[in-house]
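Remarks on the structure that follows.
The values are calculated or read from the model by the stated rules, or taken from the named source; none is laboratory data. The structure presented is a predicted model; accordingly, all values stated were derived computationally and were not measured. Please note: Cβ atoms are built from the backbone with ideal geometry, for glycine as well, and neighbour counts cover all protein chains shown. Remember, those area values only see protein heavy atoms, side chains included, never the ligands or the DNA or RNA. Shrake-Rupley method; radii C 1.70, N 1.55, O 1.52, S 1.80 Å.
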Amino acid sequence: MSGSVKVCIRLRPFNRRLERESLTSGVYNIIDSPSPNAVRVKNPDSGKWTPNEKGYAFDYFFWSFDKSRPFADQQTVFDAVGRDMLDQALKNFSYTIFAYGQTGSGKSWSMTGNDEYPGVIPLVCREIFNIVANPPEDKAGYKMSVKVKYLEIYNEKVKDLLSDDDKPIEVKLQYRDPSNPKSGTKVVVEPLTICDVHNYDEIKSKLDEGLTNRTVGATKCNLESSRSHSVFTIIFTQVRPPTPEEQQLIESGRLTKEALLEACTMPSFLNLVDLAGSERQKATGAKGARLKEGCAINKSLSTLGRVISTLADHAMGKNLKMRVPYRESELTKILSDSLGGTAMTSMIAAISPANINFDETMSTLRYANNVKKIKNKPVRNISPEQQKISDLQDEVRLLREKLAQVGGLSDEELAAKREREKKEKEAMEAKYKEMIEEQKKQFEEELKKQRELASQTTVVRKKEEKEPYLTNLSKDDMFNMKVRNKLLEGEVKFGSNPDFDADEFCVHLQGVSVLPHHCSFVHRIADEAEAEALYKEHFEESDSNRIAELEEEGSIEGAAPPELSIRVPLSTHIVELVPKEGCESALYVNGASVTKNVILRLYDRIIIAGTYHTFVDPFARKLHMQRFEDAGVEFQPPEVDYYVAEREFARHNMKESKLSVAAAKEMEETKKRLEEMEQEVANRKKQEEELQKEREKLQKMSTEKAEKMKKELEKKEKEMAKRNEELQQQLEKEREAAGKRAKEISLLEEDLGRALPQVNEANMIASCVGKEFEIRPEIRTEYSAGGKDKRSDVVLVAHDSETGRDVQWDQDTFSQRLAMMRELYMTWQKDGSLPESIPKDDDPFYDPVEPQLIGRAQVILSFVSSMLPYRGQTPIITSNADTAGGLQVELIPFNAKATKGKVPTYTFDDMESLDVMTDDELDAYQEWLEPGTRVDVCIRIKSVVDLPEMTCKDVFCRYYPTSDFDYVETAHAVGQGRRAVLNHERIFTVPSISEELSQSFQETGGALLVEVWGSPVSKDAQVEKKVEVKGNPGEGKGTGTGKFDLEKSNNGEEEEEEDGCAAM
């Protein structure tokens, strides 16, 4: 029997990061399915379909991007591959399902999922126990059992995920029959914990235990990236009843009962493999330990790729002498049975829809296309004893045939023999039925015991759930609400101190911001009257205010009534959070810092030293559900997850921030503008109705004057209708822009919420390890070319007090650095000091000296469209809206043909006046404004003044002539000083000064965007005498193509800088 590996492709939806970038950075879907089970990818550079119009063909293509076409949910994926695995397991075959794809493509989601949307692994676990409880008809009388083992391969080392012991584990390939090298190989992984499981709850518990122990880490592509390969193995064993022939062999003494039991035992090994994501260092931003992990991941995946490529060649009759490199990686050793071996195999290749992941997506598809060429040779799992019995039965059959050939018996003797054999067979069948009944009785007794045990376990669990507890909130659904800390009656202490008294309830926390005794949760039992009084004292007023706000805003369709959803009752189990001195910056409830005792309520969000939790009181939840039931309303629990807590924390900590003040002002202005436009629409509608009434009156009149008035009214109505339509369209655009901006501000809150606790942790680590290093979050606003559009995001500014430098990190870089800081802190905590020398790649506090963006200046271009020259000083605005100096610039429009390539010179007597031309000059320019006339613009960036002391070294500028142009860069002013002379000049040609020029200015928002860059200055150098630094005139670089044609300046010598400019 042979078969190809079944290959399935699954397209994931945009994650939070890509969804935001689709709104702000032009990220879009490039995946399409031209026919069932085919997939093609659009090259974002060429716009062509890859590999061709028809695409790749696979066994399955699961569309999970959106619901624009049939949506493949978790159950769809399981029905395609999981059910086939179980069908083959019943036939005594081993089966492997493995998931492959880039980091963040959705492999772990497909394999594991969460409690609400379980993946392939939990669905296989659930279905296998359905089979055990209700076996197929052809398996009647079979005894079935399930065992599991769980391992991960991290940095090329195998780890047992179901054991706390760090014992070394070895992966070996052994011959199935040591005496026969041609018998094939089998994988042996030992020592490894193997656990018996009797129901779905038990196997799910083992799965969750392994997931909790699995190694994850943050990368740019995925905040909870799997940093190891994991293999979850289900050993599904069937024990069949013995056949009459086998029973006969036992009676003859040729077979022992132990050997018979082994022969009747049919195990199937079901391997569910979640591979770590393939990744590029540039895409993931991995450094230090993350980079080493990435190297190990890519090494094992590279070896797997070579194995697949070699097997694909063998299947096509190529390179048959080439050895398959199974032994070069622990991963490929374990998968040797699954790829080209004796097991059946399915692959789920997960891909991202984003255009920015084109290269990774194509790599995955090519990988999958190779895998589908592999031919396995599945064989049933047969034990040596079963083979021995089979050989004996063949021997008996052969002897009988020879005996029949010899003959020599009379008819009477032959009839007697047949009668004797018939009686023996009947006796054997009776004995066989008796054995089946005995086995069935034993099985039912065992099943009864297991059910009683499960019932007792359920009772204990229900009893425990009457106690309040804290459960974790995680970014990743796989790990969300998996850890519970029971809050038993009395005091439960949380902290890092390992010396709590043995008789105390305590939870040990790790982390730089955790105090020895951080806080306590005091649980006591009250009566109903006291619980009601506490509710009125602590929550009545705030709940009433919130209900009034919601009722004023209006009810949302499908939402629970505010009176029910907001008034969450207190149970008689009162839990009070008691903070300890010094924990204010690392203890929050519902986003607010805790400075005094707080009584907790159902679903409260609690942040302890950067870890997120929610408070659950099962008895209060029951009361809450009962109130919904009494009101005849379906119970709707509030949305509580990691991101809700994160946004809530951000809102509390943004009230005094520049973003909050500016956003509130901006949204208020937008609201006012929308109200004015709505009022104008209403007024015009009213006017339209009045005109309609007037026309109806005139309809009754037939005089010549009336006819004239009718025509005038009809004309007015048409004009008003046109204006109303334009106004309505403008109103819709404003509403859309306001909604988009509100969503962007909400995303900024989310980013800031994630950053703030991490910033506190990073600063504390820096202080502990003796680094004069401080990190602060800021809002950075980036403008498009011309400054028309803007986009804001949260950046982290790292200030090194030792050097005086400020370096900007984006959020992904900061996440990487924080992971490195934590590793460094653990080293410091263990050894009491830092290593004498830390490699630069592993030092989270090291940044190479690179130019930094000081700020941006916007030079208004409206006067240039009137062909007027300009000289002025434009303020340089930083990302947090501060002024960081001024840019001195000249813009001179002229006709190079008329001036023979020379730039006209002007005397700028009045810097504030734009109208500096004589009447004759103005008339001359007016002649050039005729359509189709060539116009040239000379851009001169003279100097940058009043620069910040921190970044006034090697200053240069970049500017964008139009939105289609990339940028032009000036020469660098070598040296340092608060005033940098650049003397940059460049001439650009505009093909026509007619409507095209005005439209171009309109597209760029009527402004020339100039970025000012500079290198950091060391702290010692800042106190030296400031000197003026100069750049070489006319030098720099330009890239890109656009409406402007770049030409060399014909102005051979640089004009001496005038005093008027220097004084600006």
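Pairs of C-alpha atoms in region 37-112 farther apart than 14 Å represent 73 percent of all such pairs. By the Cα gyration tensor, region 46-178 has an equivalent ellipsoid whose semi-axes, rounded to whole angstrom, run 31, 24, 17 from largest to smallest. Under 5 Å from the amide H of residue 62 lie the amide H atoms of 9, 10, 11, each residue being 5 or more positions distant or on a separate chain, with H modelled from the backbone and absent for Pro and chain starts. Put simply, when 93-102, 726-735 are sorted by average Cβ atoms within 10 angstrom per residue, most first, you get 93-102, 726-735. Computed across region 550-636, the Kirkwood radius stands at 14.8 Å (inverse of mean 1/r, all Cα pairs). The count of lysine pairs in region 18-170 that are at least 8 places apart or cross chains, and whose C-alpha atoms lie under 29 Å apart, stands at 28. Sorted on the mean count of surrounding Cβ atoms within 10 Å across their residues, most packed first, peptides 440-446, 532-538 read 532-538, 440-446. Largest accessible area first, the residues 952, 506 order themselves as 506, 952 under a 1.4 Å probe with ligands, DNA and RNA left out.
Could you sort the peptides 426-436, 198-208 by per-residue average Cβ neighbour count (10 Å cutoff), highest mean leading? Please report the intermediate quantities before stating the final value.
On the way: 426-436: 12.5, 198-208: 17.9.
Ranked from most to least packed, the peptides come out as 198-208, 426-436.
Estimated at the nearest 10 Å², the accessible area of residue 23 is 70 Å² with a 1.4 Å probe.
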